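Participant: The structure that follows is given in the form of structure tokens.
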Amino acid sequence: MTHAFPVTVYYEDTDMGGIVYHANYLKFIERARSDWVRARGIDQNALRDGGLVFAVRRIEAEFLAPARLDDRLDVQTELNSASGARITLHQSVQLEASPLFRATVELAAIDIASGRPVRLPKELRG
């Protein structure tokens with residue numbers, strides 16, 4: 001199942017040429033991942049209070065075309081795989097169904113106190 005998250009490009013997201021600054025795509029997909037987790041019924045505040053957080057372990061990113069000031073983008077998030085303590089997501093930023101940016105993101109569930117991996121909540125394993 002693919003999760004959609006809307007993003008509007010604001011002036012603060014762009015460089016002097018009115019094009020989205022490359023690092024802001026990472027912010028867009030981060031917001032979409034947080035919304036994806038929320039849509040699965042998981043309260044990240046409660047997880048954190050219980051000692052569990054998510055950490056990005058790896059990102060592979062591909063920049064395909066520029067987004068510009070005032071563009072209304074759609075960030076698509078799809079679960080690729082899940083194991084004991086890790087999930088891999090495919091994410092894309094699109095403008096009118098045309099991909100502008102793609103990323104594969106691997107997340108690990110981490111115990112705050114020890115910094116060690118822990119099992120994913122069952123709601124994220126598939």
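The values are calculated or read from the model by the stated rules, or taken from the named source; none is laboratory data. These numbers were taken from a predicted model, which means no experiment stands behind them. Note that we place each Cβ from the backbone using ideal geometry, even for glycine, and neighbour counts take in every protein chain shown.
Participant: Quick one: in region 19-52, which of the residues that are modelled with pLDDT under 95 and touching a helix residue (DSSP H, G or I) at 6+ places or on another chain (Cβ under 7 Å) is nearest to residue 92 (Cα to Cα)?
Facilitator: 37
Participant: Quick check: is even one residue across region 3-22 touching a strand residue (DSSP E or B) at 6+ places or on another chain (Cβ under 8 Å), more than 15 Å from residue 71 (Cβ to Cβ) and of a type in the set (A, V, I, L, M)?
Facilitator: yes
Participant: If you take the residues of region 6-17 that are of a type outside the set (S, T, N, Q) and surrounded by 14 or more Cβ atoms within 10 Å (Cβ to Cβ), which of them is nearest to residue 109 (Cα to Cα)? Before the answer, list the steps.
Facilitator: Let us first name the residues in region 6-17 that are of a type outside the set (S, T, N, Q), namely 6-7, 9-13, 15-17.
Now narrow it down to the ones that are surrounded by 14 or more Cβ atoms within 10 Å (Cβ to Cβ): 7, 9, 13.
Working: 7: 26, 9: 30, 13: 29 Å.
Ranking the qualifying residues of region 6-17, first place goes to 7.
Participant: Which one of these is among the acidic types (Asp, Glu) and modelled with pLDDT of 95 or more: 106, 123?
Facilitator: Details: 123 fails: modelled with pLDDT of 95 or more.
106 is the lone residue from the list that is among the acidic types (Asp, Glu) and modelled with pLDDT of 95 or more.
Participant: Being among the small types (Gly, Ala, Ser), over 27 Å from residue 12 (Cβ atoms) and in a helix (DSSP H, G or I) narrows it down to one of 113, 46, 108, so name that one.
Facilitator: Matching residue, one of 113, 46, 108: 46.
Participant: State whether one or more residues within region 77-100 are farther than 15 Å from residue 2 by Cα, part of a loop (DSSP other than H, G, I, E, B), in contact with a strand residue (DSSP E or B) (Cβ under 9 Å, 6 or more places away or on another chain) and not charged (D, E, K, R).
Facilitator: Checked against the condition, which is being farther than 15 Å from residue 2 by Cα, part of a loop (DSSP other than H, G, I, E, B), in contact with a strand residue (DSSP E or B) (Cβ under 9 Å, 6 or more places away or on another chain) and not charged (D, E, K, R), region 77-100 yields at least one hit.
Rundown of residues vs (1) surrounded by 11 or more Cβ atoms within 10 Å (Cβ to Cβ); (2) aromatic (Phe, Trp, Tyr); (3) under 12 Å from the mean Cα position of the chain (by Cα); (4) within 24 Å of residue 121 (Cβ to Cβ), yes/no style:
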position: 4; (1), (2), (3), (4): yes, no, yes, yes
position: 21; (1), (2), (3), (4): yes, yes, no, no
position: 49; (1), (2), (3), (4): no, no, no, yes
position: 66; (1), (2), (3), (4): yes, no, no, no
position: 89; (1), (2), (3), (4): yes, no, yes, yes
position: 99; (1), (2), (3), (4): yes, no, no, no
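Participant: Within region 68-87, restricting attention to residues that are over 30 Å from residue 114 (Cα atoms) and among the aliphatic types (A, V, I, L, M), which residue is surrounded by the most Cβ atoms within 10 Å (Cβ to Cβ)?
Facilitator: Among those residues, the one meeting the criterion is 75.
Participant: Ok, one more. Only one of these is touching a Gly at 6+ places or on another chain (Cβ under 8 Å) and modelled with pLDDT of 95 or more: 68, 57. Name it. Steps first, please.
Facilitator: Working: 57 fails: touching a Gly at 6+ places or on another chain (Cβ under 8 Å).
Of 68, 57, the one residue that is touching a Gly at 6+ places or on another chain (Cβ under 8 Å) and modelled with pLDDT of 95 or more is 68.
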